[in-house]
Amino acid sequence: MGDLEEEYDYTKIPPTGSAEGIAAGAPEDSPRIGVYVCHCGINIKMTVDVEDVMRYAASLPNVVVARHYIFMCSDPGQDLIRKDLAAGRINRVVVASCSPRMHEPTFRKTCSDSGLNPFYYEMANIREHCSWPHGDFHKEATEKAKELVRSAVARSALLEPIEEKLVDVKPEALVIGGGVTGMYAALDIANGGYKVHLVESKPSIGGHVAQLSRTFPTLERTASLLTPRMIEVGAHPNIDLMTYSEVEEIGGYIGNFDVKVKRKPRYIDTEKCKDCTPCIEACPVKDIPDEFNEGLSTRSAIYIPFPFAVPPAYTIDAEHCLLLKEGKCGDATLETIKEGKAVPPCMAACPGVIDFEQKEEIEEFTAGTIIVATGYDLVNPEVSAEYKYGVYPNVITSMEFERLLSPGGPTGGKIELNGKEPKDIMFISCVGSRNKQVGNEYCSRVCCMYLAKQAYLAKEQLPDANVTVCFQDVRAFGKGFEEFYGDVKTKGVFYMRGLPGEIYKKPGSDRVVVRGENTLIGEPYEQEADLVVLGMGLAPNKDVESIISMLKLSTSVDGFLMEAHPKLRPVDTATDGIFIAGCCVSPKDITDSIAQGKATASGSLRYLVQGRAVIEPAISQIDEEICIGCGRCAEVCPYGALELDEVRHVMTVNEAICKGCGGCNSVCPSGAATMKHYRDRQVYAQIDALTEVTDVGRLAEPESASAAEVAAEASAGAADTGSETGEVEGAETEAVPSAG
Amino acid sequence: MGTLYEDMVDYGGEVFGREHLETLRECVQCGKCTGGCPSGRNTALRTRKLMQMALLDMREEIFNAPELWFCSTCFTCYERCPKGVKTTDIIRTLRNLAAKEGHMSVPHRMIGVYVMKTGHAVPIGPAQMELREAVGLESQPPTAQHPQNKEQLEQVQKLFRATNYDAMIDFDWDTMNLRGMDKGGKK
Amino acid sequence: MSGEDGGKEYAYFLGCITPNRYPGIEAATKKIFKGFGIESKEMVGASCCPAPGVFGSFDMHTWLPVAARNLAIAEEMGLEIFVTCNGCYATLQEADHLLKKHPKLKEKTNKILSEIGREYKGTTKVNHSIVIMHDIIGLDKLKERITKPMNDVNVAVHYGCHFLKPREVRGHGSSETPYILEDLVKVTGAKEVDYKDKLMCCGAGGGNRTADSVQSLEWTRQKLVNATIAGCDCMVHPCAFCHLQLDRGQAEMNKAFGTDFNFPILFITQFLGLAMGLSVKELGLDIQTTTIPEKLLK
């Protein structure tokens, strides 16, 4: 770009200027367009000759005035539009600037503030679509910018006003996921005075955080931080807590999501359960790997996941309970229980609480907003097979180590392996993260610091042990992190740079050997260890794919949920009323997860408090004169927004459900289904203007009959725009009063 | 001649595809390659360092280091590299460039001599013919080395000429040996 | 691909070490394959593959057309190839992969091949003999022929490098947790014993043996020591070049290091051959450096 920059003196162009358009003085009821070309500082101006584009715009049909300005989105920039509107010069606005994702809402508001229907606004993207990608082609980019403006102007002339619709919002929220993120989201909404349905698939809330020993960098006991909040959630009058439950179905739209939740039977009367232990002792199945302890201990088929579980209730695991799985436990069967004869040992130990007759229940309710906080899974440690997880018992995951560090864990908080204290402990960072071979290119963001914490705690508990952390980078970016990293090293933890290559078992010993290169001295080493902790990365929770598809959420290439905008709308989704937070969006620590949880609560409350929400206005519309009621549109509609009116035998659109995807428009054989704001003639006019080859303002000679028809339709559309405006102001839902 | 990186991408790119070798720039120096390298345990080969030296354009240092030839091309590092750097193919390409600039040992050059002479890097001799007969095989397989397949051998020789491999190792077609060496002799 | 008796035919790419140093591997493989109706057709005029680690290291622009010529010979026969050497596998399969992937490279290579009146079309496929045994013949059928089970034998499996790696070319799944050779060994009733550095290279590849033979033998020594410590009775592998390093290397080591290694080395078809009742002589196990202990012959 360097040469062009010198060649083209963009400073010569004044910050603003204007040109009278060829339609100046056109009658008031005809389209009178104002075109505003933005410099975007130097972003557009450096590549595109904005003055030239402005002069060209002035020569286009229906253009009354064209202006250019250094920053159209600034207040003085918007003032140019406001003044032209106030003077009654124009009744259509085209801004040639950036992506509509950036500033369409800005300029629509400029229009509506001045009394112009915001759907008379049209945008030409001459930055992302022109100046940025074509930075080296000054002349060509200017020509392309003209074409984009020409296209926008052609469409602008055919635009119709649309009234935005409001829907009522049911003042209740659904939060999916009872980890720390979902808990904080639920608490903020509940404390704000609104009802929350909190759905958690596990028997208890608390999520992965409940499994952690202490926090970084503050080294607080996680259980003591989390337990009070869990109890608060469990006891909150505004929180309808549904644990051991799964979202089965979600339909509807913002303000009115219809939700079905499946409550799995616990086979326990949770009201009566006293949270004691005789049933556990009685249960004959005792060898089930304990999920909460990452399989480091076992549990029985009747169990409570951990002592401070909320709700503090037992659950019978139907997958392992002999009576439920095989129909028989000892002499007892479902029949003998009914007949009052033999009962299984658990019932004998605790009469009147266990109920094998419990069935799955479906609960239905309506929620105004939805918060998705479904969390993460640890990456499968076997993906880095060279570290031999699952082969040598000495190699464990970082989550297993958390359980070893936890007072409530399988060893009561003692770091030991098969009853033996390790003397040499090695930690390996970035296992399953930042690794193309594994398919996870991203950094998991928490491993550096949890490894630092774990190494610190290891050294604290076993001061004589050699504790080594093998790392490639230490990312200590958060508040207090770098200071903590320093403390960990001062404590005597040795940080050895370089990712180990492999681990093998020392022949004739129960120790393993880690092979690697200390990259800072450039020498390979072989270091013996009793315990190797793999710093596992975080991956999207695989169990929630059905929720993702029910809610039609998008995922990014890494599999995490995609935000509406990665910078500016980090907890919003493309669907209004649905928010995402925590580790289902990207790996993050407790602090950031809570922050996002609270952010989604704030986003939700905005709707719950107002009780109303604007719905997508650019939606499908059926021309009942033409519709033959064939139902093709209903077949393709992914949202179920189209229904047959059996009396009139025409299709009808549920305006609250329709998202304006245009599927019906493209399959309708009669042309009855069209999209507001994207009428065929509007889109064709745009295409025609783009494909036109002549330089100024006239449509090229059509090359075929069909093109001629389209052109004719386009000009006909332009003529009768005014007459159609009444039609879209249907009174089915409450219309927003036009401002001004 | 460009930088070593550019030469490597140009030369190897024709065979592997340029993007394959451009992965070198993704190296984060994590050391996982050297960490599991069977050669590094026994020799001075430091794959991680080699990658860095290649990026730093340390052409002479790389070409003059005997350890460039101590990689057994086992692909262990290639498989494990978290960034997908195609280490082994990068090393093979660096060796190609080194060889082109004359960094090639006599024993390595001799392998080419055998193939140009017989079609095989490990040719057959009378003793091995007996071994073949002992297990019930023809004394000589019908490969390029078989006396009846002289034309086939000539095809192989033609390919070595066409790609100038003969010039690269200084092969003398008159003596069918490296130039300036006695028959079968070694420096 | 069907032979006269309804079996299959393959072009057997011999390479150099198999026919010229260890004909026992060639004989064993041909015999076993024939027993299952698989014909091994000779590739007339085939040359050195050429060796991947040496010619690929010296000049890949020579390596490729010579490999393509070998592939073209099989194409003219209308047959798929099988090999008994990881080096041949490495070269031929990789050359085939690259030529199929990069049309320009194919064009350039065919221009060179046109000088000798040949053309690479991309119509053959390069197979390793152990995959034919594992997937085409199948473990069940192999098992049926085991007449002298190796019940008490502890086997150290050695893969060599280029059968598994690089995965993107070889296509045999994980290079860290392979299974094919283990399955074949277990078919005989033998025990496959894990040992330190099981997946390590023999030390010969990539021109390493030629660059510094004593240094390369040190790798071999480590492998054999590790297998011995783990209590293995023999080492079974799928590569003629590894066989050279592991077997003849023991004589070289004994000379260089003053050791007295005599650790049995068997190509997988030689091992299977013993379990199927073939004699040491038929399998060429009497014409190599290391000797086969009684335990394997019971």
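The values are calculated or read from the model by the stated rules, or taken from the named source; none is laboratory data. Everything numeric here is computed off the predicted structure, so don't read it as measured data. Note that each Cβ is placed from the backbone with ideal geometry, even for glycine, and that neighbours are counted across all protein chains shown. Accessible surface is based on the protein model in full, side chains and every heavy atom, while ligands, DNA and RNA are left aside. Shrake-Rupley method; radii C 1.70, N 1.55, O 1.52, S 1.80 Å.
Residues that are part of a helix (DSSP H, G or I) and more than 14 Å from chain C (Cβ to nearest Cβ) were ranked within segment A:371-412; the one that is nearest to A:G582 (Cα to Cα) is A:M399. Taking segment A:457-474 as the range and being open to solvent by 40 Å² or more (accessible area, probe 1.4 Å) and assigned to a helix (DSSP H, G or I) as the test, the residues that pass are A:E460, A:Q461.
Take the residues in segment A:479-503 that are among the hydroxyl-bearing types (S, T, Y) and farther than 16 Å from B:C30 by Cα, then tell me which one is nearest to the chain's Cα centre (by Cα). Across segment A:479-503, the extreme among qualifying residues is A:Y485. Scanning for something free of Cβ contacts under 8 Å to residues at least 60 places away in the same chain, open to solvent by less than 10 Å² (accessible area, probe 1.4 Å) and touching a helix residue (DSSP H, G or I) at 6+ places or on another chain (Cβ under 7 Å), does segment C:127-135 turn up at least one residue? No: zero hits.
Filtering segment B:26-60 to residues that are away from chain A (no Cβ under 14 Å) and among the basic types (K, R) leaves only B:R59. Close contacts from segment A:545-558, counting a first residue that is at positive phi and in the same structural domain as A:C443 (by TED's automatic domain parsing) and a second that is of a type outside the set (D, E) and part of a helix (DSSP H, G or I), with Cβ to Cβ under 6 Å and a gap of 6+ residues or different chains, come to none at all. Regarding A:L198, is this residue among the hydrophobic types (A, V, I, L, M, F, W, C) and open to solvent by 10 Å² or more (accessible area, probe 1.4 Å)? Taking the combined requirement at face value, the residue does not satisfy it. Note on segment C:243-263: residues that are open to solvent by 10 Å² or more (accessible area, probe 1.4 Å) and either within 13 Å of the chain's Cα centre (by Cα) or within 25 Å of C:G35 (Cα to Cα) (or both) amount to 1. Evaluation of C:S174 against the conditions (1) away from chain A (no Cβ under 11 Å); (2) in contact with a Leu (Cβ under 9 Å, 6 or more places away or on another chain); (3) of a type outside the set (D, E, K, R) shows that the sole unmet condition is (1). Determine whether segment C:72-83 contains at least one residue that is surrounded by 24 or more Cβ atoms within 10 Å (Cβ to Cβ), away from chain B (no Cβ under 11 Å), at pLDDT 95 or above and assigned to a helix (DSSP H, G or I). Yes, that holds for at least one residue. Can you find even one residue in segment B:75-87 that is part of a loop (DSSP other than H, G, I, E, B) and either at the interface with chain C (Cβ under 7 Å from one of its Cβ atoms) or without any contact (Cβ under 8 Å) to a residue 24 or more places away in the chain (or both)? For segment B:75-87, residues part of a loop (DSSP other than H, G, I, E, B) and either at the interface with chain C (Cβ under 7 Å from one of its Cβ atoms) or without any contact (Cβ under 8 Å) to a residue 24 or more places away in the chain (or both): present. Taking the stated definitions as given, is C:G56 on the phi > 0 side of the Ramachandran plot and open to solvent by less than 10 Å² (accessible area, probe 1.4 Å)? Taking the combined requirement at face value, the residue does not satisfy it. When only residues in segment A:507-545 that are modelled with pLDDT of 95 or more and of a type in the set (V, I, T) count, which is farthest from A:V372 (Cα to Cα)? Looking at the filtered set, the residue picked out is A:I521.
If you check C:V157, C:V193, C:V185 for being in contact with a Leu (Cβ under 6 Å, 6 or more places away or on another chain), more than 10 Å from every other protein chain (Cβ to nearest Cβ), of a type outside the set (S, T, Y) and surrounded by 17 or more Cβ atoms within 10 Å (Cβ to Cβ), only one passes: C:V157. For segment A:125-171, residues that are in contact with a Ser or Thr (Cβ under 8 Å, 6 or more places away or on another chain), over 24 Å from A:I44 (Cβ atoms) and not in a loop (DSSP other than H, G, I, E, B) total 3. In segment B:126-137, the residues that are more than 7 Å from every other protein chain (Cβ to nearest Cβ) form Cβ pairs under 8 Å with partners that are surrounded by 13 or more Cβ atoms within 10 Å (Cβ to Cβ) and part of a loop (DSSP other than H, G, I, E, B), at six or more places apart or across chains, as follows: B:M129/B:S139; B:M129/B:Q140; B:E130/B:S139; B:E133/B:S139. Of B:L94, B:L68, all but one fail to be assigned to a helix (DSSP H, G or I), assigned by TED's automatic domain parsing to the domain that holds B:L45 and surrounded by fewer than 24 Cβ atoms within 10 Å (Cβ to Cβ); the exception is B:L68. A residue that is within 15 Å of C:F58 (Cα to Cα), open to solvent by less than 10 Å² (accessible area, probe 1.4 Å), among the β-branched types (V, I, T) and more than 14 Å from chain A (Cβ to nearest Cβ) occurs nowhere in segment B:100-107. Residues that are within 14 Å of chain B (Cβ to nearest Cβ), in a helix (DSSP H, G or I) and surrounded by fewer than 19 Cβ atoms within 10 Å (Cβ to Cβ) do occur in segment C:225-241. Examine segment A:296-309 for a residue that is over 22 Å from A:T270 (Cα atoms), at pLDDT 95 or above and open to solvent by 40 Å² or more (accessible area, probe 1.4 Å), and state whether such a residue exists. Scanning segment A:296-309 turns up at least one residue that is over 22 Å from A:T270 (Cα atoms), at pLDDT 95 or above and open to solvent by 40 Å² or more (accessible area, probe 1.4 Å). Taken together, C:L199, C:L164 contain a single residue that is within 14 Å of chain A (Cβ to nearest Cβ), in contact with a Ser or Thr (Cβ under 6 Å, 6 or more places away or on another chain) and part of a loop (DSSP other than H, G, I, E, B), which is C:L164.
Taken over segment A:160-204, the criterion of being out of contact with any strand residue (DSSP E or B) (no Cβ under 7 Å at 6 or more places or on another chain), at pLDDT 95 or above and of a type in the set (A, V, I, L, M) is satisfied by A:V180, A:M183, A:L187. Just give me the residues in segment A:416-444 being surrounded by fewer than 20 Cβ atoms within 10 Å (Cβ to Cβ), out of contact with any Ser or Thr (no Cβ under 7 Å at 6 or more places or on another chain) and in a loop (DSSP other than H, G, I, E, B), in sequence order. Those that are surrounded by fewer than 20 Cβ atoms within 10 Å (Cβ to Cβ), out of contact with any Ser or Thr (no Cβ under 7 Å at 6 or more places or on another chain) and in a loop (DSSP other than H, G, I, E, B): A:E416, A:N418, A:G419, A:E421, A:K423, A:K436, A:Q437, A:G439, A:E441. The set of residues in segment C:13-55 being outside any helix (DSSP H, G or I), among the aromatic types (F, W, Y) and more than 9 Å from chain B (Cβ to nearest Cβ) consists of C:F13, C:F36. Can B:L45 be described as of a type outside the set (V, I, T), in contact with a helix residue (DSSP H, G or I) (Cβ under 6 Å, 6 or more places away or on another chain) and within 23 Å of C:C201 (Cα to Cα)? Answer is yes for this residue. Going by the structure shown, is C:T220 open to solvent by less than 10 Å² (accessible area, probe 1.4 Å), among the polar types (S, T, N, Q) and within 26 Å of C:K295 (Cβ to Cβ)? Criteria met by C:T220. What about A:A145, is it touching a residue at least 12 places away in the same chain (Cβ under 8 Å), closer than 30 Å to A:K83 by Cα and surrounded by 23 or more Cβ atoms within 10 Å (Cβ to Cβ)? So A:A145 fits the description; yes.
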